[in-house]
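The values are calculated or read from the model by the stated rules, or taken from the named source; none is laboratory data. Since the structure is predicted, the reported quantities are computational estimates derived from the model, not experimental observations. Cβ atoms come from the backbone with ideal geometry, glycine included; neighbour counts cover every protein chain shown. Ligands, DNA and RNA are excluded from the accessible area calculation, which covers all protein heavy atoms including side chains. Shrake-Rupley method; radii C 1.70, N 1.55, O 1.52, S 1.80 Å.
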Amino acid sequence: MNKEAAWNITASDSELFQRELDSFLPHRVFDAHAHFYRLGDFGANPPALLSAGPTPAGLAEFRDWSCRLTPGREYSALALGFPAAGLDVEAANRFVAAEVRGDRHSRAAMVVTPELNAEAVRAAVRREKFAGLKCYHVYAGTQPTFEAEVGSYLTEDHVRVAHEERLTITLHLVRARALADPANQQVIRSYAERYPNARFVLAHAGRGFNPYHTIEGIGALKGLQNVWFDTSAVCEGGAYEAIIETMGVGRLLYGSDFPVSLMRARPVALGDSFLWISRENTDFTAAYADVAPSLTGLESLRFLKRACHHMRLSDSDVERIFWHNATELFGL
Ligand SMILES: [Zn+2]
């Protein structure tokens, strides 16, 4: 991690925001995918991106940095711990829950690992007032975890608790083809149909970093009443449009993936996969221009703006994506 690259909003970034995004972004923003954390909860090796920024990173720091990136906005959030190997999950969950307790327009989701007893999850949800669960492939029992099937990191027991307690489940799909993978499609359909009060939020537009995966797979979820998508960190056209077209504008929730939004990088579709390109892995030298990537959060907003325009959304539809869809989902 190049410390100069992330957590650093340059004059060019501010210009990009002013030129392209300031007139698009509504005043009130609910960020449905924001990570809150303390470095101390990661043991000896916290993720490099987090080490380069503030600690703790709670509601105040999230709002401060969100407003540096997009000045003048009022932010609320669905706060999630930052799932990573070595995280003290219980301590991280307590921190995230405490951070949103004083804000009536924010909620927290509980990081769940597959071995957690379902009744312990239910007790923690009730005690800490979690509105959702957050699962992640790094806790899957199978290797490599990037090929894990959903059931190995989101257990049916946990889905049942989500159904009974009316919780959201923020689900970041893995496997090479994400939403285009038949095993992923089948388990989402099966869980969603059998547990209708659990509300699935497929992170990163169904992990549509390669939008063709979401475009190809979205039809398999058509008709499901309890599946939403967050927009976080997707920096390509196509996936947002497919979601709006097939599932409806009411199913898309703005998310930034804070603090990933502050990385100077962009996931780019290549062939049947994608790559996060940044100065660390890419030489941006070019004869024709001074090539410089912007921050992930701004790059992503540009594609969301373009999708809204292409889909001819009204201002009130755009406000649904940034606010009302989330406030309805979380009963705020
Ligand atoms: Zn995330």
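Which is open to solvent by less than 20 Å² (accessible area, probe 1.4 Å) and either at pLDDT 95 or above or β-branched (Val, Ile, Thr) (or both), of Leu313, Leu270, Leu275, Leu329? Spell out how you get there, then give the answer.
On the way: Leu313 fails: open to solvent by less than 20 Å² (accessible area, probe 1.4 Å); Leu270 fails: open to solvent by less than 20 Å² (accessible area, probe 1.4 Å); Leu275 fails: open to solvent by less than 20 Å² (accessible area, probe 1.4 Å).
None of the other options fit; the residue is Leu329.
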Checklist entry - If you take the residues of region 32-49 that are in a helix (DSSP H, G or I) and out of contact with any Pro (no Cβ under 7 Å at 6 or more places or on another chain), which of them is surrounded by the fewest Cβ atoms within 10 Å (Cβ to Cβ)? => result Ala48
Next on the checklist: Of the conditions (1) more than 16 Å from the ligand (Cβ to nearest atom); (2) at pLDDT below 95, Asp88 satisfies every one except a single condition; which number is it?
Outcome noted: (2)
Checklist outcome for this item: Sole miss for Ala6 among (1) assigned to a helix (DSSP H, G or I); (2) over 17 Å from the mean Cα position of the chain (by Cα); (3) closer than 13 Å to Phe258 by Cβ is condition (1)
Next on the checklist: Looking at region 62-83, can you tell me whether even one residue there is open to solvent by 40 Å² or more (accessible area, probe 1.4 Å), farther than 16 Å from Pro259 by Cα, in contact with a helix residue (DSSP H, G or I) (Cβ under 7 Å, 6 or more places away or on another chain) and not in a helix (DSSP H, G or I)?
Outcome noted: no
Checklist entry - For region 137-229, list the helices (runs of 4 or more DSSP H) that sit wholly inside it and hold at least 1 residues that are of a type in the set (Asp, Glu) and at pLDDT 95 or above; which are they? => result 156-165, 182-194, 211-217
Checklist outcome for this item: When Ala242 is run through (1) crowded, with 22+ Cβ neighbours inside 10 Å; (2) in a loop (DSSP other than H, G, I, E, B), the failure sits at (2)
Next on the checklist: Cβ contacts < 7 Å: first residue closer than 19 Å to Phe130 by Cβ and open to solvent by 10 Å² or more (accessible area, probe 1.4 Å), restricted to region 198-211; second residue assigned to a loop (DSSP other than H, G, I, E, B) and more than 12 Å from the ligand (Cβ to nearest atom), any location; separation 6+ or different chain. Result?
Outcome noted: Arg199/Asn226
